[in-house]
Structures are given as structure tokens and as C-alpha cells.
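Here's the structure, in C-alpha cells; my notes come after.
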Amino acid sequence: MTENRSAADIFRLLADDTRVDILRAVAVAQYELEEVGSGAAVLAFSEIYDHVDVENTSKLSYHLGELTGTYLRKSEDGYSLSHAGERIVRFILSGNYEQPEAFGPEPVNGVCVFCGENALEASLSHQFFRIDCTACEQQVTGQPITPAQVNTRDGDALIRSVKLRSTEDARQIRQRMCPECGAHLSADVIHVSESALPDADPFVVTSSCEECLREYNSPLTYSVVYHPASIAFHWNHGVDVTTRGIWEFHEYVYDGLWTSERTATDPDEYEVVLRHGDDAVRFYLDSTATVVRTERVRRESGVF
Ligand SMILES: [Zn+2]
Ligand SMILES: [Zn+2]
């Protein structure tokens, strides 16, 4: 983490209605002015003055000076939003600091990874999207969700958006990029011995971001689902994995069609096999869950 300035100083800059209005006005003016392909719009002092309710130009000049360097960038032509300015103003405009509307419980496709029952229900709990099994009363998955994601959709559309976000996140995580902050992720594979998870896949990939401290965990089998070899393999079998939710993969692990095993130690190596009918795709992974090789295999004499 880089901590040149204190977080308190940075947030103190925003404890002022006029400054928040300035950031909002810059975003609104950019939205109205922006020409396609022109890059980030730069607003002249006078344009900002026209959009903000401020007593006089010297007051505006003072506030712009305070915001510049952290929330605004200044060039010869005027002002534009910095990365922090972008993040904070989008956060404010989207209302993502508000409570989301209520959602669920709503029945969803898929089986429970613990008991195999087709009894899954989606709901929101403490601003988290979660899926619970009504048969064995265990939570089968939980994912962060934004209030704007909930407030602009309902029912199926909301569930589709959860699948989309987790697909996009998984793609970045597999390639060691933190979906939250963009930093490099480290990854480890751990064996979960005391787990209620099916024996077919007792390994979990844990990816950590040393910058924003987010941690992402995924069963080893699921960590390769959006690898191009898996996408192509499933596509050939009429399944588009990119539109599936994580909980819709449970049946494959529960039925033992998707498996993982450790094939070497020091350094550790793993094999993941995803089966469909008489075909399978096999992934060879190193100790950081990086796919080093894949191959398609066909069932011969009953085994893969
Ligand atoms: Zn269950
Ligand atoms: Zn991060």
C-alpha cells in the first residue's frame, strides 16, 4: 500500500458541499460535452463556474485548488477528473452508498453442492447476494453486489448481472489481476481437508491482493471454467459456461464429473478434469493454479 498522504486528509477534502458539487458538475458537464473518441474531457474554469452554485470566482478558485492533485488534474486547458475523482464521483452519482432495495428469496436453477438437492434460493443479505439451499439450510455461494446493480434491475435480470460480474471477475482473477483495484494478485492452492465440499474437488485457490487486501477463493475446478479450453470444450457440447452462475456448476462437482487432484509435490502440481459425456478436457496446473497445458481426452474402456 502507498500511503503518501493520510486517508483522513484525502476524505477531509470532500467534507464540503461545494467541492462535492464541483466534482459532480465536472462529471455532468463532461457527460454533456464529451465528443466520442476525444478522451477525457477537460473543462475550462468558466465552464465549471457556470455549473456550480458558488458565490464568486475566487471561492471557486480556492476549492479547485484544494481538489487539484487528488480529485482533479489541471492542465493548460482546464480541469479533468483524476482516478480518485472518477471513482468517488461515479460512486456518488450511482448512489452506491445507499441501501439497495430488497430482493428475494427467489428460486434459481442449479443444485446444492453439499446435498445435491435442486432447492436453491437467491436473496440479498447485508448488501451481499447469496444463494442458500432450502433442503440442507446451508449457504452455497455469496457474492458482493452494488446497490445500483440491484436498484436498476429486477428478478432474472439481476441474477444475470450477478453471473456476468462473477464471470468477468473470474477471468481477471485467473490472470492475476485484482478486479477491485487492478493490482497484481498472488495465488496459492490449499487443500481443504475438513470441508463439507465433495471429495471430487478438495482444493481451493486463494488469491490475495496485497494492495487493497481483497481475497478471492474458488474451488480449483471452478478456477479453470473460463479458461478458453474449457469455454471451447463446453461450447462444443452445447453449454455456454460464460452465461452460467457459479452455483450452476455445483452439479458437475457433486456428481463427480469435475475433479481435481495433486499429481506432484515440491513443487506442487495439479490436474483438473472437466468431463462431458464421453469427452473430457484436462488441465495441468502449477503450484499457483496457473494452467500450463491442456488436452482433450476421450473415454476409452470406461476411464478417462
Ligand atoms: Zn443442500
Ligand atoms: Zn486489489
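All of the numbers you see were taken from the coordinates with simple rules; none came from a lab. Please read all numbers here as calculations on a predicted model, not as lab measurements. Ideal geometry is used to build each Cβ from the backbone, glycine not excepted, and the neighbour counts take in all protein chains shown.
Residues 79, 71, 284, 254 in ascending order of nearby Cβ atoms (within 10 Å, fewest first): 284, 254, 79, 71.
Fewest first, what order do 243, 288 take by the number of other Cβ atoms within 10 Å?
Details: 243 11, 288 15.
Fewest-to-most ranking of 243, 288: 243, 288.
Rounded to 0.05, the FRET efficiency of the residue 168 and residue 102 pair, given R0 = 35 Å and the Cβ-Cβ distance, is 0.85. Listed from fewest to most Cβ neighbours within 10 Å, the set 115, 133 follows the order 115, 133. The base-10 log of I(q)/I(0) for the range 160-260, evaluated at q = 0.20, 0.21, 0.22 Å⁻¹, reads -1.08, -1.17, -1.24 [Debye formula, identical scatterers on Cα atoms, solvent excluded]. Once the convex hull of all Cα atoms in the range 208-261 is built, its volume per residue stands at 112 Å³.
As I understand it, the value is the acute angle between the Cα axis of helix 155-174 and the longest principal axis of the Cα atoms of the chain; what does it come to in degrees, rounded to 10? Tilt of helix 155-174: around 80 degrees.
Can you classify the range 7-93 as rounded, prolate or oblate using the Cα gyration tensor, where a ≥ b ≥ c are the square roots of its eigenvalues, rounded means a/c under 1.5, and otherwise it's prolate if a/b beats b/c and oblate if not? Working shown, then result.
Numbers: a/c = 1.57, a/b = 1.19, b/c = 1.31.
Cα axes put the range 7-93 in the oblate bin.
Projected onto their three principal axes, the Cα atoms of the chain cover extents of 83, 43, 38 Å, largest first. Compared with the dominant principal axis of the Cα atoms in the chain, helix 57-67 is inclined by about 30°. Sorted largest first, the principal axis extents computed over the alpha-carbon atoms of the range 69-120 equal 64, 22, 15 Å.
Between the exposed loop cleavage positions of the chain, defined as trypsin sites (Lys or Arg not before Pro) in a non-H, G, I, E, B DSSP state with at most 12 neighbouring beta-carbon atoms within 10 angstrom, the longest gap is 6-298.
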